[in-house]
């Protein structure tokens, strides 16, 4: 049975990192802390998928981020519930797809950060009646 994999980025707070890892462990999901020097490699390479090669370094980023790969939908939902219950929020989360598997972590972060910013602005707008 496939249990997926999660890449962890910039979880510098020890208590939070351990909380996230405990949630993953309890659900049988493997994880890997990603060092900044790997942020330029394609996600497919980092996830050890065939056909992907290492790439040149790219800019680093400091935001916390989780990249979820190959999690069945029930397990995905269980993970989100577990993270919420454990009070270990990570704002930037992404699922690896056929469209982004060739992206670098840095590119994925840029896209997620832009989406997160747009959503935050939208939520802060006053509602007119």
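Every read-out reported here was derived from the displayed coordinates using simple, explicitly stated rules and does not represent laboratory data. Fair warning: this is a prediction, and the values are worked out from it, not measured in the lab. Ideal geometry is used to build each Cβ from the backbone, glycine not excepted, and the neighbour counts take in all protein chains shown.
Some values worked out for this structure:
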| item | result |
| --- | --- |
| Debye intensity ratio in log₁₀ form over the Cα atoms of the chain, taken at each q of 0.21 Å⁻¹ | -1.31 |
| Label zone at residue 14, where the point sits 7 Å out along the Cα-to-Cβ direction: region 52-89 residues whose backbone N lies under 20 Å | 64, 87-89 |
| Fewest-first ranking of 29, 101, using other Cβ atoms within 10 Å as the exposure measure | 101, 29 |
| Fewest-first sequence of 119, 65, 34, 18 by Cβ atoms within 10 Å of each Cβ | 119, 18, 34, 65 |
| Ellipticity estimate at 222 nm from DSSP helix runs (n ≥ 4, -39,500 (n - 2.57)) divided over the chain, nearest 500 | -12000 deg cm²/dmol |
| Per principal axis, descending, Cα span of region 69-127 in whole Å | 37, 32, 18 |
| Per-residue Cβ neighbour rank within 10 angstrom, fewest leading, 9, 45 | 45, 9 |
| Percent RCO, i.e. relative contact order, over the chain, from Cα pairs under 8 Å lying at least 6 residues apart | 30 |
